[in-house]
Every structure is written in C-alpha cells, then in structure tokens.
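Structure record follows, encoded as structure tokens.
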Amino acid sequence: MLVLGLTDYQPQGEALARLLGIDFARVEVHRFPDGESKVCLPSKLPEEVCLCRSLDHPNDKLIELLLCAKTAREQGVKRLTLVAPYLCYMRQDIAFHPGEAVSQLIIGPFLAELFDKVVTVDPHLHRINHLSPALPGIEAISLQ
C-alpha cells in the first residue's frame, strides 16, 4: 500500500503514511496558463493506494482527483481509497427551487465511481445521518 498526496496536502499525506507505517509519494501537478492541470503520478504503483487530499475549494481539485484516480486505475491499482478530511458538495441534498442542482446526488456518485472507499472527517450532511447513501455502493466512513 502507498499513500499518494498532492502538493497542497503533502504534510498531511506524509503524516498519514508515517502513522500507517507505509511509503508516501507525491503527485506532481503543473498548472498551465489557461488553468488546466497536468497531474503526474509515480510510474509504478502498488495494487492498493490511498489518495490523500482535502476537498476545500473543490472546483479545480475535483478535476485533479478525477485525473489521479483514472491514471492510478490505468496503472493497475485495484483498491483506491480517498482520504478527504473535508468532503465537498455534500450539503445540498435536495433542490429548493426548480432547476437547482442537487450537488450531493451528483458528486457523491461521481466519487463512488472513482474510489472503492472514502474516509472523511466531516461530510457536512444535513438531512441524512450517514455518509453511505451519499456515496452509493462503496465503503464510506465519517470520523466525526
């Protein structure tokens, strides 16, 4: 098993790896002038990887997470866990007005398609008591 962390969350990822007694590797991110991100994972990954990153200010981070997860799978990762102390877009679980996006129903399944397991500290749930319904079909743990 390996802990992967993006640069903005490297100290926390390294601390998690030390606590678990496993190796840490950094995901390199390059930002182009137009705002696009290029991510580069280590060339060799084990079958089990833990990707560690907070999802505060999530709009750019979700795209980088998508790129990391898909690349890890292409490299043969069989079990991919997301450790995201702050889990974004879980607050809005119903539409209050016609045409309003229900972000939990969009982002939750999106994350569930990318990861086998999600661990968070505070998912900011409102009308549901457990994280599992928001992340269907995968193991979802809230440490709060």
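Here Lys70 meets the list (1) in contact (Cβ under 8 Å) with a residue 40 or more places away in the chain; (2) open to solvent by less than 80 Å² (accessible area, probe 1.4 Å) almost entirely, failing just condition (2).
For Gly35, indicate whether it is small (Gly, Ala, Ser), in contact (Cβ under 8 Å) with a residue 12 or more places away in the chain, open to solvent by less than 90 Å² (accessible area, probe 1.4 Å) and in contact with a helix residue (DSSP H, G or I) (Cβ under 7 Å, 6 or more places away or on another chain). In short, no. Pairing each residue of segment 112-126 that is closer than 16 Å to Thr71 by Cα with any residue that is open to solvent by less than 40 Å² (accessible area, probe 1.4 Å) and part of a helix (DSSP H, G or I), provided the two are 6+ apart or on different chains, yields C-beta distances under 8 Å for Leu114/Leu65; Leu114/Ala69; Phe115/Ala69. Among the residues making up segment 53-79, a single one is at pLDDT 95 or above, of a type in the set (Asp, Glu) and more than 13 Å from Val27 (Cβ to Cβ): Glu74. For first residues located in segment 94-105 and surrounded by 14 or more Cβ atoms within 10 Å (Cβ to Cβ), partners that are of a type in the set (Val, Ile, Thr) and modelled with pLDDT under 95 and lie 6+ apart or on another chain with Cβ distances below 7 Å form the pairs Val102/Ile94. Of all the criteria given as (1) over 25 Å from Ala15 (Cα atoms); (2) acidic (Asp, Glu); (3) in contact with a Phe, Trp or Tyr (Cβ under 6 Å, 6 or more places away or on another chain), the one not satisfied by Glu113 is (3). Scanning segment 133-144 for residues that are outside any loop (DSSP other than H, G, I, E, B) and over 14 Å from Leu105 (Cβ atoms), we see that the one that is least open to solvent (accessible area, probe 1.4 Å) is Ala140. Applying the condition of being open to solvent by less than 100 Å² (accessible area, probe 1.4 Å) and part of a strand (DSSP E or B) to segment 15-25 and asking which residue is nearest to Lys61 (Cα to Cα) yields Ala25. Scanning segment 64-93 for residues that are under 22 Å from Val121 (Cα atoms) and either part of a loop (DSSP other than H, G, I, E, B) or small (Gly, Ala, Ser) (or both) yields a count of 10.
Quick check on my filter: what residues within segment 113-132 are assigned to a helix (DSSP H, G or I) and surrounded by fewer than 19 Cβ atoms within 10 Å (Cβ to Cβ)? The answer is Glu113, Ser132.
The values are calculated or read from the model by the stated rules, or taken from the named source; none is laboratory data. It should be emphasised that the depicted structure is a prediction, and the values quoted were computed from it without experimental measurement. No Cβ is skipped: glycine too gets one built from the backbone with ideal geometry, and neighbour counts run over all protein chains shown. Remember, those area values only see protein heavy atoms, side chains included, never the ligands or the DNA or RNA. Shrake-Rupley method; radii C 1.70, N 1.55, O 1.52, S 1.80 Å.
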